[in-house]
Each structure stands twice: as C-alpha cells, then as structure tokens.
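Everything below concerns the one structure shown next.
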Amino acid sequence: AQSVAQPEDQVNVAEGNPLTVKCTYSVSGNPYLFWYVQYPNRGLQFLLKYITGDNLVKGSYGFEAEFNKSQTSFHLKKPSALVSDSALYFCAVRYNKLVFGAGTILRVKS
Amino acid sequence: DTEVTQTPKHLVMGMTNKKSLKCEQHMGHRAMYWYKQKAKKPPELMFVYSYEKLSINESVPSRFSPECPNSSLLNLHLHALQPEDSALYLCASSQGGGWDSPLHFGNGTRLTVT
C-alpha cells in the first residue's frame with residue numbers, strides 16, 4: 001500500500017536554529033512527494049514537491065526538502081527557524097489520490 | 001490571501017436543516033475537490049470534480065451532495081447531517097486532475113451540527 005509516515009507528532013525548536021520535520025514513504029515505482037503547511041484557522045498551503053530531478057528541492061518561505069531514495073525519506077528542512085513557522089505540517093504522496101501523513105506540529109520558541 | 005474562496009466561514013446547523021457550502025476559484029483550474037478535516041488530523045478526500053464532471057466519490061454518505069455548476073464554482077449541499085459531521089470543510093483546486101499539480105486550498109468552512 002502507498003503510504004507516508006510522519007514519525008513525530010510534534011517538533012520543538014528554538015528560533016534561529018535549524019529545523020527538520022521527518023517524512024518517510026512507501027510507494028511502488030517513482031514517488032511524487034509533497035509538503036503542505038497549515039496555519040491555525042487556515043487551509044493547507046503548498047510548500048514544495050518532488051517528482052524527479054535534483055534530490056534537494058527548494059520551496060516557499062525558505063523551506064527545502066531532501067529526497068533520499070535509499071532511506072525512502074523526504075524530510076523538510078529550514079536553516080533558521082522563525083516563530084512564524086509554527087504550524088501543522090503534512091507530508092503527502094501521490095497514489096490514485098493524494099495520501100497525507102498524520103501531520104507534525106512544529107513549535108518554534110523565541 | 002488564498003485564491004480559493006469559501007463561504008461561509010462558519011456555519012451552525014441543526015440536524016434537520018438544509019444548507020450549502022460554496023467554493024470559487026478564478027485560476028482557470030480544471031479540477032476541484034472537497035475535503036473534510038477534523039482537528040489536528042489530515043484532510044480526508046470526499047469528492048473530486050475534473051472538467052466539471054464528478055470523477056471521485058470516496059463513499060461519502062448521501063447527506064452530502066456535491067455540485068459543480070461551472071469550472072469556477074463548487075458547492076456542497078448538506079441535509080440531515082449528524083453531530084459527527086462537525087468539521088472543517090476544505091475546498092481545493094488544481095490545474096489538472098492527475099494529482100501531479102499542487103492543490104490550492106481555501107480557508108475552509110467550519111461546520112457545527114447541533
């Protein structure tokens with residue numbers, strides 16, 4: 001079955017420090033992977049996607065994600081966290097529809 | 001600001017009421033979606049319209065009835081809902097219906113069924 005896993009319910013990081021939000025996937029064939037962010041009382045916003053090409057994908061708001069085929073991972077990263085990055089983050093994989101992970105709450109403290 | 005507009009933002013309805021949720025996009029997208037989201041959970045797909053035709057119904061109860069009057073508009077008609085249907089209802093659109101294009105979400109309608 002096609003799936004994504006986000007192993008951490010919550011990630012806490014200090015402002016200015018690098019952040020990583022983890023995602024692993026299980027798909028047959030070449031994966032199409034996405035990251036979305038949801039701020040309180042808002043819809044989801046697209047951050048970035050991997051379809052093919054460079055393993056390091058750059059996205060919106062300074063986020064990037066690294067595709068690692070051998071580890072079947074697609075971790076979201078940012079070199080320097082901002083308090084305003086605090087939100088709910090979803091990894092997703094394309095199957096016959098978009099399959100979302102359970103989500104990770106990111107809390108950035110000043 | 002989101003390019004997908006949903007109205008109303010909040011809706012409270014009784015179990016015998018009939019109401020409708022509305023969604024509009026002017027990005028020229030040809031696929032539109034309804035999702036249901038419970039608090040701090042991932043969104044659950046309900047319906048997909050591709051080129052104004054219903055292409056996916058995720059076995060949603062008939063008390064939810066979607067409608068796509070044209071390529072820019074998507075409605076969700078609600079009738080005889082249950083309290084467990086209380087949730088955030090999200091509309092989304094994308095350029096195509098093949099799941100390769102990013103989804104653009106509205107800010108949702110927060111529905112409470114009393």
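The values are calculated or read from the model by the stated rules, or taken from the named source; none is laboratory data. A quick note: this is a predicted structure, and the numbers were derived from the prediction, not measured. Here the Cβ positions follow ideal geometry from the backbone for every residue, glycine too, while neighbour counts run over all protein chains shown. Keep in mind that these areas ignore ligands, DNA and RNA; they rest on the heavy atoms of the full protein, side chains included. Shrake-Rupley method; radii C 1.70, N 1.55, O 1.52, S 1.80 Å.
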Residue list for the stretch B:71-98, restricted to those being exposed (fewer than 14 other Cβ atoms within 10 Å of the Cβ) and modelled with pLDDT under 95: B:GLY96, B:GLY98
Listing of strands (runs of 3 or more DSSP E) fully contained in chain A that carry 3 or more residues being more than 10 Å from the chain's Cα centre (by Cα) and more than 14 Å from chain B (Cβ to nearest Cβ): A:10-14
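To keep it simple, each residue is scored yes or no on (1) over 24 Å from A:ALA5 (Cβ atoms); (2) under 14 Å from the mean Cα position of the chain (by Cα); (3) among the hydroxyl-bearing types (Ser, Thr, Tyr); (4) more than 9 Å from chain A (Cβ to nearest Cβ).
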{"position": "B:CYS23", "(1), (2), (3), (4)": "yes, yes, no, yes"}
{"position": "B:GLN37", "(1), (2), (3), (4)": "no, yes, no, no"}
{"position": "B:SER65", "(1), (2), (3), (4)": "yes, yes, yes, yes"}
{"position": "B:TYR89", "(1), (2), (3), (4)": "yes, yes, yes, yes"}
{"position": "B:SER93", "(1), (2), (3), (4)": "yes, yes, yes, yes"}
{"position": "B:ASN107", "(1), (2), (3), (4)": "yes, yes, no, no"}
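Name the one entry in B:LYS36, B:LYS19 that is surrounded by 15 or more Cβ atoms within 10 Å (Cβ to Cβ), basic (Lys, Arg) and more than 15 Å from A:GLY43 (Cα to Cα).
B:LYS19
How about the stretch A:63-110: which of its residues are touching a strand residue (DSSP E or B) at 6+ places or on another chain (Cβ under 9 Å) and of a type in the set (Lys, Arg)?
Listed by number, the residues that qualify are A:LYS77, A:LYS78, A:ARG94, A:LYS97, A:ARG107, A:LYS109.
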So B:THR5, is it open to solvent by 70 Å² or more (accessible area, probe 1.4 Å), among the hydroxyl-bearing types (Ser, Thr, Tyr) and within 14 Å of chain A (Cβ to nearest Cβ): yes
Residues (free of Cβ contacts under 8 Å to residues at least 40 places away in the same chain and among the polar types (S, T, N, Q)) located in the stretch B:54-99: B:ASN57, B:SER59, B:SER62, B:SER65, B:ASN70, B:SER86
Hey, B:MET15 in contact (Cβ under 8 Å) with a residue 24 or more places away in the chain and in contact with a helix residue (DSSP H, G or I) (Cβ under 8 Å, 6 or more places away or on another chain) or not: yes
Residues located in the stretch B:99-114, provided they are open to solvent by less than 40 Å² (accessible area, probe 1.4 Å) and among the hydroxyl-bearing types (Ser, Thr, Tyr): B:SER101, B:THR109
The stretch A:46-70 residues that are at positive phi, paired with ones that are surrounded by fewer than 18 Cβ atoms within 10 Å (Cβ to Cβ) and among the aliphatic types (A, V, I, L, M) (beta carbon under 7 Å, 6 or more apart): none
B:VAL48, sole failed condition from (1) in contact with a Ser or Thr (Cβ under 8 Å, 6 or more places away or on another chain); (2) loosely packed, with under 13 Cβ neighbours inside 10 Å: (2)
The one condition in (1) crowded, with 18+ Cβ neighbours inside 10 Å; (2) among the β-branched types (Val, Ile, Thr); (3) within 14 Å of chain A (Cβ to nearest Cβ) that B:VAL60 fails to fulfil: (1)
